[in-house]
1. Quick one: which residues, 5+ away or cross-chain, put their amide H under 5 Å from the amide H of residue D:175? H built at 1.01 Å from N.
2. Given charges of +1 on the Cβ of Lys and Arg and -1 on the Cβ of Asp and Glu, with all other atoms neutral, how large is the dipole of the stretch B:259-348 about its Cα centre, in debye to the nearest 20?
3. In which sequence would A:136, B:274, A:194, A:183 go, from the one with the fewest C-beta neighbours within 10 Å to the one with the most?
4. Give the lysines reachable from residue B:158 as a straight Cα distance under 25 Å; neighbours fewer than 8 places away on the same chain don't count.
5. Angle between the Cα long axis of helix B:444-479 and the longest principal axis of chain B, 0 to 90 degrees, nearest 10?
6. For a footprinting-style exposure proxy, rank A:249, B:479 by other Cβ within 10 Å, fewest first.
7. Order of B:56-65, B:521-530 by packing, highest average Cβ count within 10 Å first?
8. How much mean residue ellipticity at 222 nm does chain A get from its helices, if each DSSP H run of length 4 or more adds -39500 (n - 2.57) and you divide by all residues, to the nearest 500 deg cm²/dmol?
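Read the figures in this text as sums done on the coordinates, not as results from a lab. Since we're looking at a predicted model, the values are computed, not measured. In this analysis, Cβ positions are derived from the backbone assuming ideal geometry, glycine residues included, and neighbour counts consider all displayed protein chains.
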Amino acid sequence: MKPAELREIDRPWRIWASVIIVSILAFSVVFGFLVLPIVQGRAAGLDAFTAICRAVGILPGSPAVKQPTSEAKAQPTTQVAWSTDLMRTFGRRTQAGAEIAQGCVACHGEHGIAADPQNPNLAGQSAAAIYKQLHDYKSGSRVHDVMTGIAQGLEDRQIVEVATHFASSARRDLDPTTAEVVDEDVIRLVERGDPSRGLPACNSCHGFNAGGPIETPTLSHQNREYLARQLQAFKTDARRNDIYTRMRSVAVKLTDREIERLATFYATTLSY
Amino acid sequence: MGERAVTHARRLTLAHLWVAFAAFAVAAVLGVWQMWARSPLPAPYLTAESYFTSVTAHGVSMAYVLTTFMVMGFGYYVAETALGRPLPLPRFAWLGFWLGIIGSAMTAVTIFAGNATVLFTFYPPLTASPFFYIGLVLVVVGSWIWCGLMLWAMLDFKRANPGVPVPLAMFATVANAVLWLWTTVGVAAELLFQIIPAAFGWNESVDVGLSRTLFSWTLHAIVYFWLLPAYIAFYTMAPQAAGGRLYSDTMGRLTFILFLIYSLPVGMHHLFMDPQQSSAFKFLQMSFTALVAAPTLLTVFTISASLEIAGRLRGGKGYFGWIAALPWERPMVLATGMAFFMLWFGGGGGLINMSFGMNAMVHNTSWVTAHFHLIFGGTVVIMYFAIAYAIWPTLTNRLPMSPRLQRLQLWLWFIGMMVMTLPWHYLGLQGQWRRVATFNYSDPIIAGWGPWVIVSLVGGIILLASALLFVWNLLQFHSARAVVATDLRPIYALAVHPPERVPAALNGFALWNVLVLVLMVAAYGYPIAQFFIIDAPEAIVHRVNGRG
Amino acid sequence: MALTPHPDLSSQVPPRTDDAIDDAALERVMREVPSGALALSLLTVGLLLLAWFLMYAFVFLPRGMVG
Amino acid sequence: MRADTEQEILKTELWWTALVIAIVTAIMLAIIYAGVVHHINPPSNIETIDPKTLHLTGEFTESNLGTRVEAGDQVTSRVVATQFAFQPQCIVVPSNRTVTLRFATPDVIHGILVTGTNVNTMIIPGYVSQVHTVFTKTGDLLMPCHEFCGLGHSQMWATVRVVPEDQFRPGPDGRASCDAR
């Protein structure tokens, strides 16, 4: 066949294919961009222009309903907000951080491992977690006789530095005699949670591969007494600087016995 | 045909298909365990992390490894057998294969190390180990090599045979290659510009609205990439296997062209419930989605007519008598029948999913899981089985002694899939939601779902039995006694009126690529641009591969 | 190579003459095709449309307005 | 073989295509009908909100969450979806009255459905998700998180308590909560 003939049998295909596709496009635009929003908007008391703008996404809201107004007033539980800049500053260990950490030795130990089990170990803790708590002490979201004063003496930059310092310190060694005590019920809570109470697995935030909230602290190698006291504080609403009740909503569902056993588990078990 | 050695393309095909089916077998085991975990029966090894590790591995194996290797391997086979020419540049084909292997292995290692519990559809701002994504990118790059080779083989054929229509099987395979090149643009942009930088820690935040929109670009068309081998089998293999002719070669070409056009500007129907896209663009893409039903409904008729020819040639009478006269004992025919049966349910579910506001009734419920397991796991995978049974004798020059086990395997798959997915449809309508490791069966409403979950678990067990039997059946080919190659009949169907000349529009993709571009600009232009216009707030990255 | 044919084997690999279609037979059946296919397709697609409308009218609309 | 039947075949196929188009059109018309008469749209609301500061300012701070009757007797419920709980975990709404549900998240992707209703939306960090609806059946409805949001996803759900309109008694500040009842 000659090229001219080939073009001849091909031409109607090109024309009709284009016509059909453009018609379908036109149909969709007419109904989706014009007819539906205008008709829906009229019933909701919106003018045609507003309704169309909402339908194509230039204005917020549905073309079918009036947008509600908000009379809300802000009362944040914490002042900490994660930003990309803040996240980038973690991880660079500085001399300044080590110097600030000297002020923590009395309660948290020389290498971030506390002698008094009522105080938390800081060594190996996530920098974001330490930052959040120090900042909360400073802003008053979390209150402690000693810590509030100390935190108020720190600038934001210093908080980052000291948090990074402790994050990169070596964690507490575990007592090998207690490390092997297996508590099946607690392991179940840690790894699976309890569906009947809507309790997520502790691991879904505190596990190593969790991808949970940024400020989630590491719990393993922590002191038993400190863990138990904090869980109780969340449970009784005495401590409420967790964003959107993430920890309060969990702790309130735990029994006192479970709190004790969980604290023991994290304080004594390797690899969590 | 004569005596022939196993050619290069056939070795390629065997290698690809064995990788595909090995991944499939592993994924089938995981799938059953996941259903066990979700049921009221206590499952072993169940933790939150193990469940989502398993779901990730199941999805990646089934949706990326099984499909990509199947499509590639089958494509090499078609390129050689339908064109009757040796595959060009086989070294590049092996390069693509090894890229895919390395990528799959890298992905598998990160998943099973627990560093990629983000499922196969990612969910940023959650990010996995970067090697999870890089592995997937390597698989895609390997498949791009395949796309290039398919286009090359077709153009080579055209140059050597001016004016001769490209055989339908090859035309359809190239349609799939072109479709895949378009399809992967969205996910490639998401991975390369958003997720991989975030996973490496170069970025601490990600624009989630944009990444979901880019993924939606890929998310529907990819399903058609998986589906097209099944349709190639419907058009070019089933009529021959039944002893008939293809009713219309032209409609076959049109069907594959329609798939190319209408599977791309439709992905936003996966975002119907998302706040960051507007109702007008959702409507626009819904209209195109509705038209994706067209090529399937055309196929239903054309393939019915082709099989009717076979049935009537075998003495079938009346409106429906030809159905009974079909040679149902042949695996390809049996699989085609089952595939269409499952397509009815799966496609019906799909029509509801795509219906704009109606999607709210079922979005992210088990209904959707049922829908795609029926269409992909049912219709498509059962045709993968049939294709394997049809081409394995020519790949190995061997035959098993009896196709009885093949028929049993197909029946088990069909029954298992129906038993598993029909309860899921019902549960989805009741509100049973997706991607959950354990349900709270102490809630009275959810307790009522329990028995149906157990029924679907039984379906899953049947499916696992079928999957293992499938692998066993393929192994039988390799150990069977050799047969003379001349006994192997040609597998491709002739049309009632074989095309002598076809317009360029039905012999290539230039026109259709232009139209796809127009539609993609209309459907995705502003919806993507808006994120740069409104300066959407980004979300902080949440890494699942160790806190850092 | 010698082959001991299993009775079922023909379903897998019919001798090539078996399915060879002679033009006269094809022309004969093409007078009736595609009446059966039309009947089957109409039936199944009709049922599909019916099922869609049943879901639309009896499940979707009663579940109430959203927007 | 007969020479002229290729055209016949294509003609038959063309009729079938016309029927297919008619079927697709019928479905489209039903969808448009639902949109025009029942005002059913997918929930679309391109209203941005910064997830990083969600808890600091504006309407999604902790003390503002839950149900509230606002100007023009508009009942609005604000819910935050976070890893791995809703806040609040129970909202109370009146039946047979237009209710606006507004959702936002400070962290990752979530989603909700309310069982037995058409209430369904994704919750995407960066956006306020909004669903306007009318609940007709009273009782406690389950509102699970239906989108994978991390390892605790399976245990994330809330309750929507639909009460008859005469039993819906917001306090003097317009607020209504499940605890108060």
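1. Those qualifying (amide H under 5 Å, at least 5 residues apart or on another chain) are D:69.
2. Result for the stretch B:259-348 is approximately 280 debye, rounded to the nearest 20.
3. A:183, A:194, A:136, B:274
4. Reachable lysines: A:2.
5. The angle comes out at about 40 degrees.
6. B:479, A:249
7. In decreasing order of mean packing, B:56-65, B:521-530 become B:56-65, B:521-530.
8. Per the formula, -14000 deg cm²/dmol.
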